[in-house]
Structures are given as C-alpha cells and as structure tokens.
1. It is to be established whether one or more residues within segment 140-160 are touching a Pro at 6+ places or on another chain (Cβ under 7 Å), at pLDDT below 85 and either surrounded by fewer than 17 Cβ atoms within 10 Å (Cβ to Cβ) or outside any helix (DSSP H, G or I) (or both).
2. Looking only at residues in segment 39-56 that are modelled with pLDDT of 90 or more and small (Gly, Ala, Ser), which one is nearest to residue 134 (Cα to Cα)?
3. Checking the condition over 26 Å from residue 61 (Cβ atoms), surrounded by 13 or more Cβ atoms within 10 Å (Cβ to Cβ) and of a type in the set (Lys, Arg), which residue from 129, 90 passes?
4. All but one of (1) assigned to a helix (DSSP H, G or I); (2) modelled with pLDDT under 95; (3) not aromatic (Phe, Trp, Tyr) hold for residue 77, so report the exception by its number.
5. Kindly check whether there is at least one residue in segment 111-126 that is at pLDDT 85 or above, assigned to a helix (DSSP H, G or I) and surrounded by fewer than 16 Cβ atoms within 10 Å (Cβ to Cβ).
6. In segment 36-66, which residue that is among the small types (Gly, Ala, Ser) and outside any helix (DSSP H, G or I) is surrounded by the most Cβ atoms within 10 Å (Cβ to Cβ)?
7. Give the number of residues within segment 68-124 that are more than 18 Å from residue 155 (Cα to Cα) and β-branched (Val, Ile, Thr).
8. Given the options 134, 72, name the one that is under 24 Å from residue 30 (Cα atoms), surrounded by 11 or more Cβ atoms within 10 Å (Cβ to Cβ) and either touching a helix residue (DSSP H, G or I) at 6+ places or on another chain (Cβ under 9 Å) or modelled with pLDDT of 90 or more (or both).
Amino acid sequence: MKSRSGNAYLNKLTSGLDIVIGLLVIGVVVTVSMNVFGRFLFSYSFAWAQEISRLFFVWMVLLGAGLASLTSEHVAVTLFKDKAPPVLQKIFAVLAAAIIYAVCICILVGFDGIISGYVGTTPFLGISKTVLYSAMVVMAVLTLIGNTLFLYKALKRGEA
C-alpha cells in the first residue's frame, strides 16, 4: 500500500480508518441486503437491521469525511486558487482553514449541548443516540487534525 504521508502515526491512523470504513461498508451492504431479501422473499422486515444500517452508514460517511480531511482527498474547487498569485493562494488557504476550524468548533460545542440535556435511544435495539452523535465528534477531531496539517503545509512549505 502506498504511503499517504511521511508521518508513520498518520499512516497507521489512515490505514486503520480504511479498514474500519471498509467493515462499515460491508455492514451496510449486509444489513440492507437482509432487509431487501427479507421483504421480497418472506414479506418480513428486520426492524433491527434498519437501525444498525443507519448507524453503520452515518459512521461510514463521517469517518470517510474525516479520512478525506486527513489525506487531503476531499472535494475542492481550485479554479480560482490555482490561477491566483502565491500570496493570494496563502490567504485563501488561511481563510479556508479558519472556516473549517469554526465549523469543527461548532460541532464540538453543539455535541456538548446535545448530550448534556437529552440522550435518547433507538426504538428497537435501545442503542444510545450518543453512539450515533459521537460520529460527528470523531469526524470533527479528524478534520481538525487534517486542517492543521493542511495549514502547516500552506504556511510553512507553500504547498496550499
């Protein structure tokens, strides 16, 4: 497997996330397929499969977003940035990083507000919704790490 960065810890983190996301994809496919075949063949739906597939899907998407931030593989429109002079490119990089930091801080502050007053459970399995909401926190932390690496590269090395 090709290394994504020069940092061994970051490589281990991204490799681990690749595995977890792959397992979540398999989990979503299996649980959704079970429900589809159950409905089609037996006219029976597994209530727990819908809850688990939703949980797996949310975690899969948000871990994928965090992984994309860590590896700088997220979607970006760079038409104007690429045509701008280097000084303006650094300004764009700092502005983008500031916006991302603000969003991540809002997520972290909002999570504290969500779990401090109300913690519900899923209807069938009784899984705490905090497990579902925690995916946002993990994504925000991964994004903060990735954003910090991006900002470091943009300011120190000029690789925005």
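1. So in segment 140-160, the residues touching a Pro at 6+ places or on another chain (Cβ under 7 Å) come out as 158.
If we keep only those that are at pLDDT below 85 too, we end up with 158.
From what is left, the residues that are either surrounded by fewer than 17 Cβ atoms within 10 Å (Cβ to Cβ) or outside any helix (DSSP H, G or I) (or both) are 158.
Yes, some residue in segment 140-160 is touching a Pro at 6+ places or on another chain (Cβ under 7 Å), at pLDDT below 85 and either surrounded by fewer than 17 Cβ atoms within 10 Å (Cβ to Cβ) or outside any helix (DSSP H, G or I) (or both).
2. 53
3. On the way: 129 fails: over 26 Å from residue 61 (Cβ atoms).
One residue alone meets the criteria, 90.
4. Going through the list (1) assigned to a helix (DSSP H, G or I); (2) modelled with pLDDT under 95; (3) not aromatic (Phe, Trp, Tyr), residue 77 breaks only (1).
5. No, that holds for no residue.
6. Going through segment 36-66, the residues among the small types (Gly, Ala, Ser) turn out to be 38, 43, 45, 47, 49, 53, 64-66.
Going one step further and asking which of them are outside any helix (DSSP H, G or I), we end up with 43, 45.
Values: 43: 7, 45: 13.
Result: 45.
7. 11
8. On the way: 72 fails: under 24 Å from residue 30 (Cα atoms).
Testing whether each residue is under 24 Å from residue 30 (Cα atoms), surrounded by 11 or more Cβ atoms within 10 Å (Cβ to Cβ) and either touching a helix residue (DSSP H, G or I) at 6+ places or on another chain (Cβ under 9 Å) or modelled with pLDDT of 90 or more (or both) leaves just 134.
The values are calculated or read from the model by the stated rules, or taken from the named source; none is laboratory data. Computed from a predicted model, the values in this text were never measured in an experiment. We place every Cβ from the backbone using ideal geometry, glycine too, and count neighbours over all the protein chains shown.
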